[in-house]
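Here is the structure we will look at.
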Amino acid sequence: MIAGIGEKVGASGVFLTCIIVVYFILGIVDFELARNTLHVLWTLILRVLPILILVFGIMFLTNLFFEPRNIVIILGKGSGFRGWAFAISGGIISSGPIYMWYPLLGDLKERGMKDSLIAAFLYNRAIKIPLIPMMVSYFGWPFTVTLFIYMILFSIANGLAVEKFVQGGKQ
Amino acid sequence: MEFVNLDTQLQALRKTVQSFKRTLPILLGVILLLALASSLTPKNLYGKIFTGNQIIDPLIGAMVGSVAGGNPLTSYIIGGELRLQGISMLAVTAFIVAWVTVGVIQLPAEALMLGKRFAIIRNVTSFFTAIIIAILTVLILGWI
């Protein structure tokens, strides 16, 4: 029966249901902690909602203006330097939590975006220009600049490694 | 500039809504999980788990950063506090880099939306590069 329900709601439904069950159990075991968690949850939802709307807007525009063949040219095999530049700068510019960008990346992947560029985009989400002054105030300029240069370089190495291993497993 | 006709706009909107409907339960699940992890983790936990060992601490830093995750700003604040507590810069850097590049809590969502193999490989490689970046950064600044 459980397997039947699983097939009906899909893996994402099972994932969500499991977490809701954990919340229910927490509510029974420690009501105060559950209430605090719901408060944290509400704050988190308010914080991510504008990003979710932004991602929806970008997805709509890419669906509207970019045919899959355009995506392949810009972000697919043979996209070369331009593809890396898009992925790295996109990762740096994009704001909000990393998981908010999974739907857009999943969509672009289905339409031909390379694994290496997705990995590079996600890696560069670590570099946030508005947060640079904060990092400088904690760790200083030399540390901040060195770290950011390494992160950009390693995003490429990481992207290439991910693609090699993912494709290696498919063959 | 040529305007896109209404039919094409509706088609694009329908496609976007379909994609979003598919991913919304996963996103909601991750948000629920993050809220749970955030309220269950005591704020003073981070300082207690480091050993003072130059080899083990970067590994611990990367592991804690991988499991925690969230806003990069939070990692800077915790990293700054850890530094004040005398935790090595190597461990703090590995912690900060892993915090944003590795996501154990988001892993199920990443696997469902970008593929299981991709998500696991990306997170594993990001974990190791967090340690390598920490070593290189601290070495080049002469902090070892």
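How many partner chain Cβ atoms sit within 10 Å of a residue's Cβ in peptide A:23-30, on average, as a whole number?
That works out to 1 on average.
Can you tell me the orientation of helix B:72-84 relative to chain B, as the angle in degrees between its alpha-carbon axis and the longest Cα principal axis, to the nearest 10?
Value to nearest ten degrees: 0.
Any aspartates and glutamates with Cα under 20 Å of the residue B:116 Cα? List them, leaving off those in the same chain fewer than 8 positions away.
Cα-Cα hits under 20 Å: A:7, A:107, A:110, A:115, A:163.
Provide the FRET efficiency to the nearest 0.05 for the residue A:132-residue A:28 pair, computing r from the beta carbons and using R0 = 41 Å.
Efficiency computed from Cβ-Cβ geometry: 0.35.
What list of ³J(HN,Hα) values in whole Hz, one per residue of segment B:53-64 in order, does the Karplus curve 6.51 cos²θ - 1.76 cosθ + 1.60 (θ = phi - 60°) give from phi, with Gly and Pro shown as x?
Per residue, the Karplus-derived 3J(HN,Hα) values read 7, 5, 8, 6, 4, x, 5, 5, x, 5, 5, 5 Hz.
Restricting to DSSP H runs of at least four residues, report the calculated mean residue ellipticity at 222 nm for the protein assembly as shown, -39500 (n - 2.57) per run over all residues, nearest 500 deg cm²/dmol.
Result for the protein assembly as shown, helices only: -27000 deg cm²/dmol.
Give me the base-10 log of I(q)/I(0) for segment A:12-171 at each q in 0.11, 0.16 Å⁻¹, Debye formula, one uniform scatterer per Cα, rounded to two decimals.
-0.61, -1.04
List the pairs from A:128/B:15; A:109/B:15; A:164/B:21; A:164/B:15; A:114/A:164 whose alpha-carbon separation is above 20 Å, in the order I gave them.
A:128/B:15; A:164/B:21; A:164/B:15
Explain nothing, just the number: dipole magnitude of chain B about its Cα centre with +1 on each Lys and Arg Cβ and -1 on each Asp and Glu Cβ, in debye rounded to the nearest 20.
Result for chain B is approximately 340 debye, rounded to the nearest 20.
Across the residues of B:9-20, average count of Cβ atoms on other protein chains within 10 Å?
Per residue, the number of nearby Cβ atoms from other chains is 5 on average.
Over what distance in Å are the Cα centres of segment B:1-72 and segment A:125-139 separated?
19 Å
Output the relative contact order of chain B, whole-number percent, from Cα pairs under 8 angstrom with separation of 6+ residues.
It rounds to 24 percent for chain B.
Looking only at other chains, what is the average number of their beta-carbon atoms within 10 angstrom of each beta-carbon in A:12-20?
The per-residue average across the peptide is 6.
Exposed loop sites here are chymotrypsin sites (Phe, Trp or Tyr not before Pro) in DSSP loop states with at most 16 other C-beta atoms within 10 Å. What is the longest stretch of chain B lacking them?
Longest gap between qualifying sites, sites excluded: B:4-142.
Testing the spin-label approximation: label points 7 Å from Cα along Cα→Cβ at residue B:11 and residue A:35. State their distance in nm.
5.4 nm
Per residue, how much accessible area does the protein assembly as shown show when a 1.4 Å probe rolls over the protein heavy atoms, in square angstrom?
Accessible surface, normalised per residue, equals 51 Å².
The values are calculated or read from the model by the stated rules, or taken from the named source; none is laboratory data. Note that this is a predicted model, so its numbers are computed, not measured. Counting neighbours? That spans all protein chains shown, and the Cβs are built from the backbone with ideal geometry, glycine included. For accessibility, only protein heavy atoms count, side chains too; no ligands or nucleic acids. Shrake-Rupley method; radii C 1.70, N 1.55, O 1.52, S 1.80 Å.
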